[in-house]
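Heads up, the thing below is written out as C-alpha cells.
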Amino acid sequence: MNGAESLVRTLVASGVEVCFTNPGTSEMHFVAALDKIEGMRCVLGLFEGVVTGAADGYYRMAGKPAATLLHLGPGLGNGLANLHNAKKARSGIVNIVGEHASYHIRHDAPLTSDIEGVARPMSDWVRTSWSARDVATDGARAVEAARTAPGRIATLILPADTAWNEADGPAVARAAAPRTAVSADAVKAAAAALKGPNAALLLGGAGVHAPALEWAGRIAAATGCRIISEYNSARIERGAGRVIAHRIPYVVDAALAFLADLRSVVLAGARPPVSFFAYPGKPSLQAPTACGFTRLAGVEDDITGALEALADELGARTTAPAQLARLEPPAVPTGKLTQEGIAAVLGALLPEGAIVVDESVSTGRGFAALTTNAQPHDWLCVMGGAIGFALPAAVGAAVACPDRKVIALEGDGSGMYTLQAMWTMARENLDVTVIVFANRSYNILRGELANVGAGAPGRRATDMLTLDRPDLDWCALARGQGLEAARAATLDELAHALGRALARRGPGLIELVM
C-alpha cells in the first residue's frame with residue numbers, strides 16, 4: 001500500500017470516522033485512498049473555513065475528532081479563522097494538509113509556502129511526514145494529540161511523494177489518557193472559599209455539561225453560592241431538568257455589575273473573567289479587585305469528578321440540586337420583532353434535544369433568560385470571536401447527531417463569511433434550520449464605535465458598517481444552494497416559519513428582516 005492508504009487505514013483504525021474535505025492536486029492520492037478504503041464518511045465543503053468550522057462543531061457534539069483535508073498552505077490559511085475558534089473551544093481536530101512532493105519544494109512553485117509556519121499559531125501539534133514509511137505512525141500520533149484532553153488541534157503535513165510511495169501497514173492510535181483528577185487540597189480550598197459570603201462557582205469547559213451542573217447545583221444548595229458560567233462556552237447543556245448557570249454578560253458595564261458583589265470565586269474549567277476587548281477607562285478584568293479566586297480544576301482536568309469530590313467535602317452528595325430549570329416554555333408571542341420576542345419564540349418552539357449553534361452576535365445577547373425553561377437542549381457558542389462560525393459548525397453538529405434538530409442563529413454579516421456551508425447542508429441533507437438576523441449591517445460594530453470612544457459614524461464609517469446598496473437577499477442565496485427558504489418580518493411570521501421548518505426533515509433558512 002502507499003502512504004496515503006496507510007494513513008486512511010490508520011485514521012479509520014483509530015476511530016476517526018468523518019473527513020471534512022476541500023482537496024487539491026497534492027492530495028489526490030489521499031482522495032483515491034478515501035475512495036478505496038471503507039469506514040470514512042467524506043463531506044465536501046466549498047471553502048476551507050467551512051471544512052474547519054464543521055470539524056469544530058463535530059467534535060463539540062461527538063466528543064471525538066474528525067479529520068480535515070486541506071490543500072497546501074493557502075488552503076490551510078483559508079481555514080485558520082475557524083481553527084482559531086476550534087482551538088479556543090478546545091476541540092480535537094486532525095488536519096491533513098497536502099504539500100508538494102519533497103523534491104519539488106526547492107523549485108518554489110506558485111503554491112509553495114511555509115506550511116508548518118502557517119499551521120503553528122492555530123495548532124497544538126504540527127508534523128511533516130517526510131517518508132512514506134513514517135506516515136502511519138505520524139497519523140496515529142496526530143490522532144493521539146487531537147484527543148488529548150480537553151481536545152487539541154493536530155496538523156499533519158503530507159508531501160505528495162510520501163502519499164504515493166510504498167509504505168508500511170497502518171498504525172493504531174493509543175487510547176486517550178483519562179482526565180487528571182484534582183488534588184484533595186484543591187477540593188478543601190474550594191470548599192473553604194465557597195463557605196464565605198458572596199461566593200460563586202464559575203464554570204467552563206465540561207463544567208457546563210449536565211453531569212457537572214448537577215453536582216454544582218448540590219454545591220450551591222449546600223453553600224448558597226451563585227452558579228455562573230463564562231459568557232462563551234463550547235457546549236452548554238441547558239433547559240428543563242438541568243441546573244442553571246447564569247452566563248456572565250458580554251457588555252463590560254453589565255458584566256461589572258453582574259460580578260460586583262463577589263468576594264470569592266471558585267474556578268472549575270474557567271478562568272478569571274476578562275472583557276472581550278479593551279475600552280478606554282474600563283478595566284480588562286471584570287471581577288472586583290477585592291475578589292479572590294480559587295482554582296478547583298482546569299479545563300483539561302476531570303471537572304465533573306472535581307465537583308463531585310467538592311460536593312462530598314461539603315456533605316452535599318444527596319442534597320437536592322438548587323437552581324434547577326423547570327419545563328415552563330414561554331407563550332408564543334405576536335407582533336413586532338424584538339429581541340425578547342425572538343427569544344420567546346425560540347423558547348416556546350425548541351424541540352427536545354435541539355442543538356442551537358449561536359452566532360447571533362448582537363441580536364442574541366438576551367436570549368438566555370427566555371430559553372432557560374425550554375425543552376432540554378445544547379447551546380454552542382463561538383469561542384474565538386472569529387465570525388463565520390455558525391453555519392459550518394451547524395454542518396458538523398448535524399453530521400455528529402443526525403437524529404437531532406440543529407438550529408443555527410446567524411447574523412447576516414457573519415453569515416456571508418461562510419455561506420457556502422449551506423450547499424453542504426443541502427448536499428448531505430442535514431437537518432439544519434438557519435435563522436439569519438438580517439439587520440443589514442455589522443450592527444455590533446455600530447455600538448463598538450461609540451464604546452471605544454471613536455464617536456458617531458460619519459458617511460464613510462457608515463458605509464463600512466452597513467450591508468446595503470444592495471441589500472442581501474438571503475432567501476435567494478439559500479435557494480441557490482438548495483435550501484428551502486422563507487422570510488419573516490413579524491413574530492407571528494417567525495413562529496409560523498420556524499414551526500414549519502421544525503416539523504419537517506432537511507435543511508432550510510428563515511431570513512428574519514430586522
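The values are calculated or read from the model by the stated rules, or taken from the named source; none is laboratory data. Just so you know, these numbers come straight off a predicted model, no measurement behind them. Here the Cβ is made from the backbone with ideal geometry for all residues, glycine too, and neighbour counts use every protein chain on show. Ligands, DNA and RNA are excluded from the accessible area calculation, which covers all protein heavy atoms including side chains. Shrake-Rupley method; radii C 1.70, N 1.55, O 1.52, S 1.80 Å.
Quick look at the values:
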item: Label-point separation in nm, Glu38 to Asp261, each point 7 Å along Cα→Cβ; result: 6.3
item: Full-extension gain in nm, Glu116 to Ala489, via 0.36 nm per residue minus C-alpha separation; result: 129.5 nm
item: Dipole magnitude of the chain, debye to nearest 20 (Cβ charges: Lys/Arg +1, Asp/Glu -1, about Cα centre); result: 1080
item: Region 326-372 - charge dipole about Cα centre, Lys and Arg +1 at Cβ, Asp and Glu -1, debye rounded to 20; result: 140
item: In range of the label at Asn198: residues from region 235-272 whose backbone nitrogen is under 11 Å from the point 7 Å along Cα→Cβ; result: 259-264
item: Ordering of 349-360, 161-172, 325-336 by burial proxy (mean other Cβ atoms within 10 Å per residue, highest first); result: 349-360, 161-172, 325-336
item: Burial ranking of peptide ranges 190-196, 462-468 (average Cβ count within 10 Å, highest at the top); result: 190-196, 462-468
item: Where Thr304, Thr137 fall by accessible area, highest first, once all protein chains stay in place (1.4 Å); result: Thr137, Thr304
item: Note, ³J(HN,Hα) from phi for region 348-364, Karplus 6.51, -1.76, 1.60, rounded to Hz, x at Gly and Pro; result: 6, 9, 4, x, 4, x, 4, 10, 9, 9, 10, 10, 6, 6, 7, 5, x
item: Within the chain, helix-based [θ] at 222 nm, where runs of 4 or more DSSP H residues each add -39,500 (n - 2.57), nearest 500; result: -10500 deg cm²/dmol
item: Fraction of antiparallel bridges per DSSP, the chain only, in percent to nearest 5; result: 10
item: Coil-residue chymotrypsin sites (Phe, Trp or Tyr not before Pro) of region 382-457, DSSP, other Cβ within 10 Å capped at 16; result: none
item: Correct option for percent of Cα pairs over 44 Å apart [calculated from the coordinates] among (1) 28; (2) 59; (3) 17; result: (3)
item: Extension reserve of the Ala290-Leu324 stretch, reckoned as 0.36 nm per residue once the Cα distance is removed; result: 9.3 nm
item: Per-residue SASA entry for Glu230, accessible area with 1.4 Å probe, Å² rounded to 10; result: 40
item: Potential lengthening between Arg440 and Ala461 on full extension [0.36 nm per residue; Cα-Cα distance subtracted]; result: 6.1 nm
item: Fraction of accessible area attributable to carbon and sulfur, the chain (%, probe 1.4 Å); result: 53
item: Computed label-point distance, nm, for sites Phe276 and Ala503 using a 7 Å Cα→Cβ extension; result: 3.6
item: Burial order of peptide ranges 469-477, 379-387, 117-125 (average beta-carbon count within 10 Å, highest first); result: 379-387, 117-125, 469-477
